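The values are calculated or read from the model by the stated rules, or taken from the named source; none is laboratory data. All figures in this text were calculated on a predicted structure; none of them were measured in a lab. Cβ placement follows ideal geometry from the backbone for every residue including glycine, while neighbour counts extend to all protein chains displayed.
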Amino acid sequence: MTDSLPSAAMKVSYFDYELPEELIAQEPVYPRDAARLLVVHRETDRMEFRQFQEIVDYLRPGDVLVLNETRVMPARLRGEKESSGGKVEVLLLHPIGPDLWEVLVRPGRRVQAGASLIFAGGRLRASVVEVKPGGRRVLAFTSPEAVAAVIEEIGLVPLPPYIKKPLADSGRYQTVYARIPGSAAAPTAGLHFTPELLARVREAGVAVARVLLHIGLGTFRPVRVENVEEHQMHAEYFQIGAEACEVINRCREGGGRIVAVGTTAVRVLETAADQDGRVRPQEGWADLFIYPGYQFRAVEALVTNFHLPRSTLLMLVCAFAGQERVLRAYQEAVSRRFRFYSFGDAMLII
């Protein structure tokens, strides 16, 4: 089955679906790999309903599982304006220099260039050096201590706005293999893996490669244009090293499949791949927008969660497996009471 959408008339409304609010997961399952798994076979349109820990049954010796090892920063800082004592909240987006960050500030209209902010009773200070569109600011942080260490101590892990329930253990919003801080959100497809499950993956003859993409809020920004092609993706920092490239290319040459864990791993792989599907070491800013009509060069199987309607994440999944097939799978997941979004259940598309 092929995607039937004509790219010349691709409307955002094509990626809509109905979701009962009670299916938006408010907390993660325990253990992680006890989540449900919807397996979608692209060649036959067959669907299977399993548990995530059974994903090993669908991986083959010679495959490679590609993980995004980004770590969610405690990126939400609560402070006050030095001049008035008025409360402010800062969300770190990404670093642009030593102790220099692009951020979102609320309420932003009261925080203009030259303003000084105080956090944790003065342990951390920031001055506004630039005002940018969309409520963004550039802040220069200072502290008698190491700025990064203070942020790590006093910051809060930001959760998506659709999660209303406080998270008892912030570690549950990190993958077990998270290593490099820099994301404003977790690569949620990876939340289902445990160390024991990853060990079983390796025992099955499946290689594991690690890449990096720091997730910014742009990933979750609503698509506000009517025509999909007019949407501009927010650039996010990525990195793929020589060791990962060697593992991935060796897998491809040996006939194995490249299995991306999450849409962020897809974007790294497709950004780094040449026309023959080989990846090479590189780093930079990824702004690749993948929607139906895109020709995949590297990724051959995908592990992903269930995404918001009209989101670029859902468009990527539809590009990989076909819009009609994916939305039919989503309808089936709704009817079977699967859990959706960041703490929800998962799909494997093969």
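If the condition is being more than 21 Å from P95 (Cβ to Cβ) and in contact with a strand residue (DSSP E or B) (Cβ under 6 Å, 6 or more places away or on another chain), then the stretch 169-195 contributes Y177, T188, A189, G190, H192.
Of the strands (runs of 3 or more DSSP E) lying entirely inside the stretch 219-327, those carrying at least 1 residues that are within 15 Å of M347 (Cα to Cα) and assigned by TED's automatic domain parsing to the domain that holds Y177 are 258-261, 301-305. Counting only residues that are surrounded by 20 or more Cβ atoms within 10 Å (Cβ to Cβ) and more than 15 Å from G218 (Cα to Cα), the stretch 273-299 holds 6 of them. Among the criteria (1) surrounded by fewer than 22 Cβ atoms within 10 Å (Cβ to Cβ); (2) not in a loop (DSSP other than H, G, I, E, B), the one Y30 does not fulfil is (2).
Of the strands (runs of 3 or more DSSP E) lying entirely inside the stretch 37-99, those containing at least 3 residues that are among the basic types (K, R) are 76-81.
Here is a yes/no grid of residues against (1) within 13 Å of the chain's Cα centre (by Cα); (2) at pLDDT below 95; (3) of a type in the set (S, T, Y):
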residue	(1), (2), (3)
P161	no, yes, no
I180	no, yes, no
T188	yes, no, yes
P195	no, no, no
R210	no, no, no
G218	yes, yes, no
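Scanning the stretch 111-133 for residues that are of a type in the set (G, A, S) and touching a residue at least 12 places away in the same chain (Cβ under 8 Å) turns up A113, G114, A115, S116, A120, A126, S127.
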